[in-house]
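The block underneath contains the structure these notes are about, expressed in structure tokens.
The values are calculated or read from the model by the stated rules, or taken from the named source; none is laboratory data. Treat the numbers as computed from the prediction; the structure is a model and nothing was measured. Methodologically, a virtual Cβ is constructed for each residue, glycine included, from the backbone with ideal geometry; neighbour enumeration extends over all protein chains shown.
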Amino acid sequence: MKRLFLVLILSFFSTQGFTTSCPDGGEPTKSISADESHFVYNCGSSNSEQTSSSTANNSVKPITFSNIKSRVQDIPGVAWQNTQNLINSNNTVSGSLVQLEILKGPNTKLYFEGNEAAFTAGIKLWKNFKQPKKYLALFYSFEDKSWAISKYNKPRLIEAPCTPSECTGANSGIMDYSDQGVGVFGINSSDAWDNYRYGPIQIHEYTHAVQMSPWIGKDHPGNEQQKISPCWLIEGQAHFAGISASFSSFKEYKETRNQQIKSHRVEGFTTFSADKILGYYNNDIPIQCLKSPNYKLGYTLGFMTVEVLSAIGGIESSMKIYDLAGAGQSFDQAFNNVYGISWNDARPILAEVVALLHKNL
Ligand SMILES: [Zn+2]
């Protein structure tokens with residue numbers, strides 16, 4: 001195999017403190033958007049008689065590129081709720097959309113038993129998009145690497161989640177010359193503390209396979225996707241999908257989100273101003289970005305960028321970019337067609353909003 005799929009590099013910073021959903025410590029309240037297209041999520045007491053009608057009306061208006069700078073506080077809740085609503089409505093799907101095969105090495109001890117449920121949630125999440133015909137997920141510890149090769153004979157892929165002493169990362173995509181997705185997952189007991197491993201990582205990796213699916217039928221679906229895609233979208237979308245789909249409690253979503261955003265640090269990138277974030281977008285060139293030290297910022301700044309886009313257009317909106325690109329559009333054309341604004345005009349707005357979200361962590 002000429003090329004490895006994207007490796008998810010996980011960093012291990014300590015867990016952050018317990019965060020509450022709203023500034024006052026309460027749970028946000030849910031209401032229906034003005035156009036009834038989605039739920040909106042708001043802090044502030046739902047039974048407060050003092051809430052003026054203008055405030056109430058403003059809080060249920062859809063978030064758009066025009067009003068987003070005044071809606072920064074609402075973004076995580078609206079984006080998370082959209083994913084949850086989509087999963088709930090897609091849950092009515094009967095039968096299997098994708099043939100799923102999950103294998104575990106003979107010496108590998110799983111600390112999480114919900115792999116099948118997690119992949120099934122990922123498959124349902126992306127119900128409205130092209131997906132691989134089959135998805136093979138291999139879970140193995142370091143000592144089971146040769147077992148993994150016996151199950152899927154692509155040694156470089158099997159090595160991808162491993163260091164010289166342990167297997168702890170994950171890697172996934174559509175195989176060359178095929179309509180099959182494969183995910184490899186390194187299992188190491190020292191990762192058992194991390195709730196990112198209990199659903200989010202599985203959906204994250206499965207999402208990479210869906211990102212490449214519009215190019216199934218081409219010789220190298222993964223290359224085709226990477227050729228048009230900035231890295232903030234590759235990792236940001238997978239990460240947002242994994243975390244927003246895995247937690248049906250907003251509080252848990254926020255905890256894992258904040259923990260992830262504070263991790264994956266990049267040396268030399270320490271200030272998160274709008275200017276710096278705009279520079280990150282401008283230098284995030286498809287293919288080149290795969291080898292950049294800033295690649296890891298896809299898990300943080302990319303995550304928040306996709307969260308913002310999901311608050312505006314729902315989680316499916318950013319996947320629609322790949323759908324259109326697979327039909328022959330450039331990234332810029334596809335972005336414009338999905339969001340009604342050019343990427344050129346959108347990125348300074350996104351940079352400013354992401355800087356504010358980062359400040360609010
Ligand atoms: Zn990834």
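The table below lists the values:
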read-out: Helices (runs of 4 or more DSSP H) enclosed by the range 208-268 - at least 2 residues per element that are at pLDDT below 95; value: none
read-out: Boolean, Tyr206 is within 11 Å of the ligand (Cβ to nearest atom) and hydroxyl-bearing (Ser, Thr, Tyr); value: yes
read-out: Tally of residues being within 18 Å of Ser66 (Cβ to Cβ) and within 19 Å of the chain's Cα centre (by Cα) across the range 331-346; value: 3
read-out: Qualifying residue in the range 110-119 (condition: acidic (Asp, Glu) and free of Cβ contacts under 8 Å to residues at least 24 places away in the same chain); value: yes
read-out: Inter-residue pairs, beta-carbon under 9 Å, first under 7 Å from Ala355 (Cβ atoms) and in the range 271-282, second among the β-branched types (Val, Ile, Thr) and in a loop (DSSP other than H, G, I, E, B), 6+ apart; value: Phe272/Thr300
read-out: Single residue of Ser263, Ser248, Ser244, Ser229 found to be within 19 Å of Ala117 (Cα to Cα), within 16 Å of the ligand (Cβ to nearest atom) and not aromatic (Phe, Trp, Tyr); value: Ser244
read-out: Index of the failed condition, Thr92 passing every other in (1) without any contact (Cβ under 8 Å) to a residue 40 or more places away in the chain; (2) in contact with a helix residue (DSSP H, G or I) (Cβ under 7 Å, 6 or more places away or on another chain); (3) β-branched (Val, Ile, Thr); value: (2)
read-out: Given (1) surrounded by fewer than 21 Cβ atoms within 10 Å (Cβ to Cβ); (2) touching a helix residue (DSSP H, G or I) at 6+ places or on another chain (Cβ under 9 Å); (3) touching a residue at least 24 places away in the same chain (Cβ under 8 Å), index of the condition Tyr135 fails; value: (1)
read-out: Hits in the range 57-68 - residues which are assigned to a helix (DSSP H, G or I) and touching a helix residue (DSSP H, G or I) at 6+ places or on another chain (Cβ under 8 Å); value: Ser59, Ile68
read-out: Subset of the range 300-317 (residues that are touching a residue at least 40 places away in the same chain (Cβ under 8 Å) and surrounded by fewer than 24 Cβ atoms within 10 Å (Cβ to Cβ)); value: Gly314, Glu316
read-out: Neighbours by Cβ (under 6 Å, 6+ apart or cross-chain): first from the range 155-180, modelled with pLDDT of 95 or more and of a type in the set (Phe, Trp, Tyr); second part of a loop (DSSP other than H, G, I, E, B) and more than 16 Å from the ligand (Cβ to nearest atom); value: Tyr177/Asp219
read-out: The range 273-313 - residue that is outside any helix (DSSP H, G or I) and within 23 Å of Tyr339 (Cβ to Cβ) and, of those, nearest to the ligand (Cβ to nearest atom); value: Thr300
read-out: Tally, over the range 88-108, of residues that are at pLDDT 95 or above and surrounded by 11 or more Cβ atoms within 10 Å (Cβ to Cβ); value: 10
read-out: Within the range 69-184, strands (runs of 3 or more DSSP E) holding 1 or more residues that are more than 30 Å from Leu324 (Cα to Cα), away from the ligand (no atom under 16 Å from the Cβ) and more than 17 Å from the chain's Cα centre (by Cα); value: 99-104, 134-140
read-out: Test: residue in the range 193-201 that is crowded, with 23+ Cβ neighbours inside 10 Å, closer than 21 Å to Leu100 by Cβ, β-branched (Val, Ile, Thr) and touching a residue at least 60 places away in the same chain (Cβ under 8 Å); value: yes
read-out: Residue in the range 185-203 that is farthest from the ligand (Cβ to nearest atom), counting only those that are farther than 20 Å from Cys231 by Cα and polar (S, T, N, Q); value: Ser189
